[in-house]
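Taking it in order: structure first as structure tokens, then the write-up.
The values are calculated or read from the model by the stated rules, or taken from the named source; none is laboratory data. Keep in mind that this is a model prediction, so the values were computed, not measured. In this analysis, Cβ positions are derived from the backbone assuming ideal geometry, glycine residues included, and neighbour counts consider all displayed protein chains. Please note that ligands, DNA and RNA were not included when accessible areas were found on the heavy atoms of the full protein model with its side chains. Shrake-Rupley method; radii C 1.70, N 1.55, O 1.52, S 1.80 Å.
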Amino acid sequence: MALIDLENVSKVYDHASKPALDEVNLHINRGDFVFLVGASGAGKSTLLSLLLREEEASAGQIRVAGNDLQRISHRHVPHYRRGIGFVFQDYKLLENMTVWENVAFALEVIGTKRSTIKSIVPQVLEAVGLTGKENRMPHELSGGEAQRVAIARAYANHPAIILADEPTGNLDPTTSVGIMEVLEAINRTGTTIVMATHNEEIVNSMRKRVVELHGGRIVRDEENGMYDSAL
Ligand code: ADP
Ligand code: ADP
């Protein structure tokens, strides 16, 4: 069975005249790296919110790592989300905490032992290339460094899946390549990555699976894909 399975999934927001997602079928295996592309409004963020269980599908079935997302009770949503790391375009770091504390806090809130936190934080900061920046505050970081902290935080408890919504959206091309190297290294450890992006250069240079949405429907799903369909 695939790690992520969507069967005929539709999402209609309240008061919307047309569906944000329309009968989507998508299967993603453990260890896959998937780019979600498509114009603004195509449904990329909606798909990520459904996987994170921030939104619920209006129809169809979503299974993630054996969980049927329609049947997860509210009480179990936080537990479900622990298996997923999320990276945003605007980092969303806690501004009053150091780099170290931002990562440690993510582990604290899920009840990780202090001694475990002390051994994990240096490992994940090293994995994202931030050794030596432990005591910086977010406002002292470049955009690329801030995004590395966000990735370290998302990866700290080794989730099966990392979802990323435009993680390079605020970064220059060189910095973006560095961020993608970090995500690719994390993917090589077996973590499944699903990333919504408008970054044509990145998609075309990495040649991963590309799923294109248009008007809430999947119009293309290619291995080793390009940003635009090859015509
Ligand atoms: P993308 O991420 O590809 O830009 P979205 O998933 O954000 O696309 O949007 C898909 C469609 O759903 C758009 O028509 C958008 O206006 C609509 N939409 C997104 N979020 C909401 C919401 N919270 N309430 C109502 N409509 C929404
Ligand atoms: P406690 O007083 O609870 O034992 P720690 O000794 O874990 O706290 O850490 C105190 C502060 O020092 C942390 O909030 C963190 O910012 C910082 N810190 C801890 N270990 C490191 C480290 N290896 N590198 C940089 N900063 C660290």
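Under 5 Å between amide hydrogens, built in the peptide plane, is the criterion, and for Arg220 it picks out Glu212 among residues at least 5 positions away or on other chains. Since only Ile162, Gly111, Phe35 are under comparison, the one whose Cα sits farthest along the positive direction of the charge dipole of the chain, derived from C-beta charges on Lys, Arg, Asp and Glu, is Gly111. Dipole check for region 98-231: with +1 at the C-beta of Lys and Arg, -1 at the C-beta of Asp and Glu, and the Cα centre as origin, the magnitude is about 580 Debye. Measuring r between the beta carbons of Glu140 and Glu201 and using R0 = 30 Å, the FRET efficiency lands at 0.60. Only lysines eight or more places from Lys18 in sequence, or on another chain, were considered; those with a Cα closer than 24 Å are Lys44. Taking Cα centre as origin and charging only the Cβ of basic (Lys, Arg, +1) and acidic (Asp, Glu, -1) residues, the dipole magnitude of the chain rounds to 840 debye. If you sort Asp5, Asp172 by accessible surface, 1.4 Å probe, largest first, the order is Asp172, Asp5.
Partners of Lys118 within straight-line reach, counting aspartates and glutamates whose Cα lies under 18 Å from its Cα and excluding those fewer than 8 residues away in the same chain: Glu101, Glu108, Glu126, Glu134.
Approximating the spin labels as points 7 Å out from Cα along Cα→Cβ, the Arg30-to-Gln123 distance works out to 1.8 nm. The angle between the Cα long axis of helix 114-127 and the longest principal axis of the Cα atoms of the chain comes to about 70 degrees, rounded to the nearest 10. Amide H contacts of Gln70: Ile62, each under 5 Å away and 5 or more positions distant or on a separate chain (H built 1.01 Å from N in the peptide plane; Pro and chain starts excluded).
The Stokes-Einstein estimate for the chain, based on a Kirkwood radius over Cα pairs and taken at 4 °C with 1.567 mPa s viscosity, is a diffusion coefficient of 71 µm²/s.
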